[in-house]
Amino acid sequence: MYNKVILLGNLTRDIELKYTNSGMAIAKTAIATNRRFKTQSGEQKEEVCFIDITLFGRAAEIANQYLNKGSRVLVEGRLVYEQWVDASGNKRSKHSVAVDNLQMLGRSESQSQPQPLYTPPSSPTQPSQQPQQPKVPEIPEIDINDDEIPF
């Protein structure tokens, strides 16, 4: 089975760092992602999703040191199903992401202008059917006899 999650967004709260009895660091926080779309009537809408995330070990300590609420991050991890019993004796559950890889991306959208992750190349008046390949520098022709190669 395959279980991989990739999220790009901003932290919704400061890192909560704790240590297990064996000394391993565990950090908990949440990330907010958003999706902009147009409805059938042409109205612009935005949908926000809040996801709890958990970091372990050195990554948890680094996140606690350098990140805070509003920090823009890219996380890769796996979806985890958590279950517990609350103080009232009710069974509770939620999905969260156990982070395997975290990348700090700088300032949050509220602190600076949002930068697009991908900007399509400008196209001429008629779009081409095939994607353009990047230009590779031309390699000059070298006049070498096979007997001159040392191997």
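Laboratory data are not the source of any read-out in this text; all were calculated from the coordinates shown. As the structure is a prediction and not an experimental result, all values here were calculated from the model. Here the Cβ positions follow ideal geometry from the backbone for every residue, glycine too, while neighbour counts run over all protein chains shown.
Points worth noting:
- Estimated at 0.36 nm per residue, the fully extended path between Glu16 and Phe56 surpasses their Cα-Cα distance by 13.2 nm.
- Scalar couplings 3J(HN,Hα) for the range 24-31, obtained by applying the Karplus form with A = 6.51, B = -1.76, C = 1.60 to θ = phi - 60°, are 7, 7, 10, 10, 10, 7, 9, 10 Hz; x denotes Gly and Pro.
- Note: the range 5-109, Cα convex hull, 137 Å³ per residue.
- Extension gain, Lys28 back to Lys91 (0.36 nm per residue minus Cα-Cα distance, nm): 20.6 nm
- Residues Leu105 and Gln44, FRET efficiency given R0 of 30 Å [Cβ-Cβ distance, rounded to 0.05]: 0.75
- With a cut-off of 18 Å on the backbone N, the residues of the range 20-40 near the modelled label site 7 Å out from Val80 along Cα-Cβ are 20-32.
- Amide hydrogen proximity for Gly70: with H placed 1.01 Å from N in the peptide plane, the residues at 5 or more positions away or on another chain lying under 5 Å are Leu11, Thr12, Arg13.
- Neighbour-limited loop hits for GluC sites (Glu not before Pro), the range 1-85 (at most 16 other Cβ within 10 Å; DSSP other than H, G, I, E, B): Glu43
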